[in-house]
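Accompanying notes for the structure given below.
Here, each number is a calculation from the coordinates, and none is a lab measurement. Nothing here was measured: the structure is a model prediction, and the numbers come from that model. Reconstructed Cβ throughout: ideal geometry from the backbone, glycine too, with neighbour counts over all protein chains shown.
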Amino acid sequence: MIDLRSDTVTRPSDAMREAARDADVGDDVYGEDPTVNELEARAAEKVGKEAALYVPSGTMGNQIAARVHTDCGQEILVDEEAHVVKWELGGLAQLSGLQVRTVDCGARAVPTPEQVRAGVVAEDLHRPGTGLLELENTHNSRGGVAIPTERIDAAADAAHALGVPVHLDGARLFNACVALGEDPTRAVENVDSVMFCLSKGLGAPVGSVLAGSEEFVSRARRVRKLFGGGMRQAGIVAAPGLLALSNVDRLAEDHENARALAAGLNEIPGLSAPEPDTNIVVVDSSAAGMTAAELVAACEERRVGCGAFGEYVTRFCTNWDVTREDVDEALDRIEAAVGVV
Ligand SMILES: *Cc1c(COP(=O)(O)O)cnc(C)c1O
């Protein structure tokens with residue numbers, strides 16, 4: 001199987017398995033796991049924030065951030081295609097009692113300052129008030145778009161001017177940084193908190209990081225416990241996470257493979273894919289008269305993994321376990337898959 005469903009399907013390297021075996025551990029709920037403490041310190045430094053918290057998943061990181069930044073009943077302003085709205089089981093409502101106000105950010109993938117000002121609601125007798133602006137970089141559902149820092153800054157500045165804090169869902173933050181040649185600390189300089197995944201593209205088996213001010217992280221630590229994310233000898237999984245932090249540069253390879261994949265897909269009659277910024281390729285198969293579900297099934301029969309993203313839109317995601325040769329082989333198989341209709 002050439003598995004292009006996600007960059008989460010990678011298997012940990014031998015070095016990661018050894019690091020897990022040899023990790024120095026303690027009870028992290030007591031703050032006594034030296035490996036987790038080291039990971040949190042190094043992760044905070046990597047994004048230039050005061051502190052960081054190791055969490056089991058990106059979803060939990062985003063949900064903790066929403067809970068910490070807001071009060072029950074407030075609104076969260078967010079792009080209508082954001083992961084936190086589409087793929088997190090309505091957690092904002094279930095876990096934090098938030099009302100979601102969406103904006104259509106289109107291909108820009110981040111709200112303009114005007115959209116922020118129009119979307120923020122001031123608290124009064126009738127209106128709940130906006131508690132948080134949430135941004136996403138890279139933007140998954142919009143095709144792995146790498147958003148330039150100036151656009152993040154412009155949205156964040158508009159929110160801050162209205163007293164609204166900003167959280168960045170940076171599940172693939174380092175993909176954005178590598179694509180843009182941006183320094184991670186600069187990329188998140190003007191957001192109050194950021195979540196990034198160690199388990200996507202960087203090869204770790206488990207885990208994400210939530211970073212922000214000391215005060216934010218100490219409140220986040222309590223909410224992590226509340227949400228059931230307090231882990232004991234978590235150094236076993238944090239140790240591969242530490243190695244993952246050193247794997248950022250390798251993401252360029254995934255981006256190159258994604259560009260090759262998109263170029264090849266465009267040569268298959270009936271398929272069209274925009275040139276990707278990062279490691280996510282979205283392909284439209286409507287001209288081939290094939291729905292995404294049909295394309296996914298036909299690819300699976302030929303042992304290529306991909307995922308339906310819309311009625312006629314399918315996502316392919318390059319990752320560490322997929323080589324350039326695999327991409328070429330996958331293209332041959334996809335061409336055969338499209339030929340069956
Ligand atoms: C994958 C993803 C998440 C959630 O991460 P999990 O570790 O799968 O819970 C959040 N946001 C974005 C943009 C993602 O792609």
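Quick notes on this structure:
- Taking the charge dipole of the chain about its Cα centre, with +1 at Lys and Arg Cβ atoms and -1 at Asp and Glu Cβ atoms, the residue from Gly229, Val194, His83 reaching farthest to the positive side is Gly229.
- Ratio of Rg to Rh over segment 226-341 (Cα coordinates, Kirkwood Rh, two decimals): 1.11
- Loop-resident sites, segment 188-283, for GluC sites (Glu not before Pro), counting at most 11 other Cβ within 10 Å (DSSP): Glu267
- Those lysines that a straight Cα-Cα span of less than 20 Å connects to Lys200, excepting residues fewer than 8 apart in one chain: Lys46, Lys86
- Shape parameters for segment 43-154, alpha-carbon atoms, Rg then Dmax in Å: 14.3, 43
- For the chain, with +1 on Lys and Arg beta carbons and -1 on Asp and Glu, the positive-most of Thr149, Leu135, Ala337 along the dipole: Leu135
- For segment 182-224, alpha-carbon Rg and Dmax in angstrom: 11.9, 32
- Reciprocal mean inverse distance between Cα atoms of the chain - Kirkwood radius, Å: 20.6
- Structure-based [θ]222 nm, the chain - -39500 (n - 2.57) summed over DSSP H runs of at least 4, per residue, nearest 500: -12000 deg cm²/dmol
- Whole-angstrom gap from segment 34-55 to segment 174-211, using each part's C-alpha centre: 12
- Segment 124-139 - phi-based ³J(HN,Hα) in whole Hz, Karplus 6.51/-1.76/1.60, Gly and Pro as x: 8, 4, 10, 10, x, x, 8, x, 7, 9, 10, 10, 9, 8, 5, 8
- Packing-based exposure ordering (other Cβ within 10 Å, fewest first) of Phe174, Phe216: Phe216, Phe174
- For trypsin sites (Lys or Arg not before Pro), the sites in segment 184-249 that DSSP calls loop and that have at most 16 other Cβ atoms within 10 Å are Arg232.
- Pairwise Cα inverse-distance average, inverted: Kirkwood Rh of segment 1-99 (Å): 16.4
- Cα point-scatterer Debye curve for segment 127-265, base-10 log of I(q)/I(0) at q = 0.11, 0.12, 0.20 Å⁻¹: -0.47, -0.55, -1.29
- From largest to smallest, the equivalent ellipsoid semi-axes obtained for segment 186-292 from the alpha-carbon gyration tensor read 37, 16, 15 Å.
- Taking the Cα centre of segment 14-96 as origin and assigning +1 to Lys and Arg Cβ atoms and -1 to Asp and Glu Cβ atoms, the resulting dipole is close to 200 debye.
- Spatial separation of Cα centroids for segment 233-305 and segment 310-341, in angstrom: 8
- Grouping the Cα pair distances of segment 131-198 into 5 Å bins from zero gives a pair-distance distribution of 4, 19, 32, 26, 14, 5, 1 percent in increasing distance order.
- Fraction of the pair-distance distribution of segment 245-287 above 13 Å, Cα-Cα pairs, percent: 51
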